[in-house]
Amino acid sequence: MKFPYELRIGWRYTRAGRTTRRNGFISFISGVSMLGIALGVAALIIVLSVMNGFQKEVRDRMLGVISHIEVYAKDSQALPDLAKTLSQVRANPEVIGAAPFIAAQALLARGEDMKGTMIRGIDPAQEHLVTDLVNGEQAAVLAKLIPGEFGVVLGIDLAKSLGVRPGDRVTLVAPSGQVTPAGVVPRLKQMTVVGTFDSGNFEYDSALAMVHVDDAAKIFRLEGPSGVRLKLRDLHDARRVADELSQTLTGDLYIRDWTRQNRTWFAAVQVEKRMMFIILTLIVAVAAFNLVSTLVMTVTDKRADIAILRTLGASPASVMGIFVVQGAMVGVIGTLAGLALGLGVAFNIDVIVPALEHALGASFLPKDIYLISRMPSDPQQSDIVPVAVISLVMAFVATLYPSWRASRVNPAEALRYE
């Protein structure tokens, strides 16, 4: 197959350059530019993959406790018609599970220790339909919530802060008290700790307590569940399904999906990811624009070659194409090398990081400080493709000015002193 001479000469200039001292230096600068592009692309892919991994890990742990969508009554009162609401939400084809619940806030006291707590009344027989927390040993713990016995399951960190174990008793202080001749007296209820759960999310493990939905209704003086928790076929469709339910459900109900419930955290992650992308892209930009100095020196060194090509009939566009090919080759090779390095590290980070920790004798993510003790990674095509495209575009743009200068070389002036 016969390639255009611009492509062949451009490729020759890219891989040659060690025959003289000047050409050797040009080749060195070209190699540095290629290495810089590769490292910049690899850094972008690795960092974005790790951030995606952290977001996915935290999201999955969070959704192990909360539901995809919550439908609840106004002012945290009991649902006016629980059966009707359940039938309406289950009619949506995207809903694969629904379970009633009661959500309230209270204080838990143990001796002199007192903690503010989120109380969630659940039906242990239906909780597995809406959450992944009911798995293995934790399913057996929630099964101990028997109506009328006023048992409570505490988050593991909440239990530690109160200093209680299964079998101990705690006092639940409801927010609304009883009106007596002596004034408003807080409503108290002795609860028995029947177990603990560990969701892997400190926010919930340190502040969430679960009781049976019937016991919660008696404690907070409700006629029944105050809401319904839903699990969807695809968690990413939560906002769309919530909008659909707002059109189909009857009654004065509120609907909240998991993206709105934790919108501050997810918005912060997206802003941080966007800023990291911009900052690391500057590394690629610096490496790409090193090509300008490389090509300027190459054009200066090849002035005689350019003049000979022009006298043989080469057009200015052909001369410009030769140096565009040279710069583009550096960009393509650097980008491909960066993609290979970045994806290699991103897909094997669970092996590389423990090896580095063992070699350095340090822990990058201590269990007692960070929510996640291992380095997660989730390479996504939506991140990798823009990184590669931006790298290639920057390398191409960097070649335009030197290539244009090469096309403007005057053959007579270039050959005068040769």
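Taking every protein chain into account, the accessible area of the chain amounts to 52 square angstrom per residue (probe 1.4 Å). Annotation: amide H of Ile96 within the under-5 Å range of Lys231, Leu232, Arg233, sequence separation 5 or more or interchain, hydrogens built in the peptide plane. Of all the options Pro80, Pro100, Pro376, the one that moves most in a Gaussian network model of the chain with Cα springs shorter than 10 angstrom is Pro80. How would the stretch 235-286 be classified by its alpha-carbon gyration tensor: rounded, prolate or oblate, with rounded meaning a/c under 1.5 and the a/b versus b/c comparison settling the rest? Prolate, because a/c is 1.5 or more and a/b exceeds b/c. Only lysine pairs 8 or more places apart, or on different chains, with alpha-carbon atoms under 22 angstrom apart are counted in the chain, and they number 16.
Using only Cα atoms, what Kirkwood radius does the stretch 154-257 have, in angstroms?
Evaluated on the stretch 154-257, it is 16.9 Å.
The three principal axes of the C-alpha atoms in the stretch 260-311 carry coordinate ranges of 71, 16, 6 Å, sorted with the longest axis first. Averaging Cα coordinates gives a centre for the stretch 72-131 and one for the stretch 324-341; these two points are 55 Å apart.
Highest mean packing first, where packing is the average number of other Cβ atoms within 10 Å per residue, the peptides 324-330, 233-239, 218-224 line up as 324-330, 218-224, 233-239. Of the DSSP H helices in the chain, those that are both long (alpha-carbon extent of 20 Å or more along the helix axis) and hydrophobic (Kyte-Doolittle mean at least -1.0) are 21-63, 263-301, 316-347, 381-407. Evaluating kT/(6 pi eta Rh) at 37 °C and 0.692 mPa s, with the Kirkwood radius of the chain over Cα pairs in the Stokes-Einstein relation, gives 124 µm² s⁻¹. Each of the peptides 337-343, 271-277 was scored by the mean count of other Cβ atoms within 10 Å over its residues; in descending order, highest first, they stand as 337-343, 271-277. Convex hull of alpha carbon positions in the stretch 64-167: directionally averaged projected area 7.9 nm².
The values are calculated or read from the model by the stated rules, or taken from the named source; none is laboratory data. Nothing here was measured: the structure is a model prediction, and the numbers come from that model. So basically every Cβ, Gly included, is an ideal-geometry build from the backbone, and we count neighbours across all protein chains shown. SASA here: full protein model, heavy atoms, side chains in, ligands and nucleic acids out. Shrake-Rupley method; radii C 1.70, N 1.55, O 1.52, S 1.80 Å.
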